[in-house]
Structures are given as structure tokens and as C-alpha cells.
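No value in this document is a laboratory result; all are computed from the given coordinates. What you are looking at is a predicted structure, and each value in this text was computed from that prediction instead of being measured. Using ideal geometry, Cβ is built from the backbone for each residue, glycine included, and neighbour counts are taken over all protein chains shown.
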């Protein structure tokens, strides 16, 4: 039989209960599809902007958004 080499203290138990409560709340929450799509789009814009910024690109966040939505930008 497996015997872990740690003890679940009151502090650990309290933290696990807090996590479980938060998980239950999140599972019960229904998010609107439109909101999810908007957040996914915003995450892609931010990811692209900061990834290229690390590589030395001087585009602003607004310029990055325009490019990702198919618009052209002026130099």
C-alpha cells in the first residue's frame, strides 16, 4: 500500500477546500459564447504583440490589432 511521505496539515486542508469551492463556482458559471470569442481574440492579439515585441518589433498594440484583423497600417 502507498504511504505518502507528507502530512495533510490543517493549513493544507483549508487551502484544498478553498480551491474546491472556487472550482465548483467556475464549473457552475456559464459564460456567453460571444464573450469567450472576444477574450480568445484579445488573448491572440496580446500574445502576438508581445511575442513580436520581444523580437524587436516596434509596433504598438493598436497596430498589432489592426494587422491581425486584416487591416493595413502606415509606417
**Q.** Distance between modelled label sites at residue 23 and residue 35, nm, 7 Å Cα→Cβ extension
**A.** 2.3 nm
Q: Rank the residues 42, 33 as a footprinting-exposure proxy: fewest other Cβ atoms within 10 Å of their Cβ go first.
A: 33, 42
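As a test of the formula, what do you get for the chain when each DSSP H run with n ≥ 4 contributes -39,500 (n - 2.57) and the sum is divided by the residue count, at 222 nm and rounded to the nearest 500 deg cm²/dmol? If you can, show how the numbers build up before the last one.
Details: 3 runs with 49 residues, N = 75.
After summing the helix terms and dividing by the residues of the chain, the value is -21500 deg cm²/dmol.
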Q | Degrees, to the nearest 10: 10-28 long Cα axis against longest axis of the chain | A | 50 degrees
Q | 25 °C / 0.890 mPa s Stokes-Einstein diffusion coefficient of region 31-75, Kirkwood radius on C-alpha pairs, µm²/s | A | 218 µm²/s
Q: Could you check the simple spin-label distance between residue 11 and residue 46, using points 7 Å along Cα→Cβ, in nm with one decimal?
A: 3.1 nm
Q) In degrees from 0 to 90, rounded to the nearest 10, what is the angle of the helix 33-54 Cα long axis to the longest principal axis of the chain? A) 70 degrees
Q) Which entry in (1) 21.8, 68; (2) 20.5, 60; (3) 16.2, 59 matches Rg and Dmax of the Cα atoms in Å derived from the coordinates of this structure? A) (1)
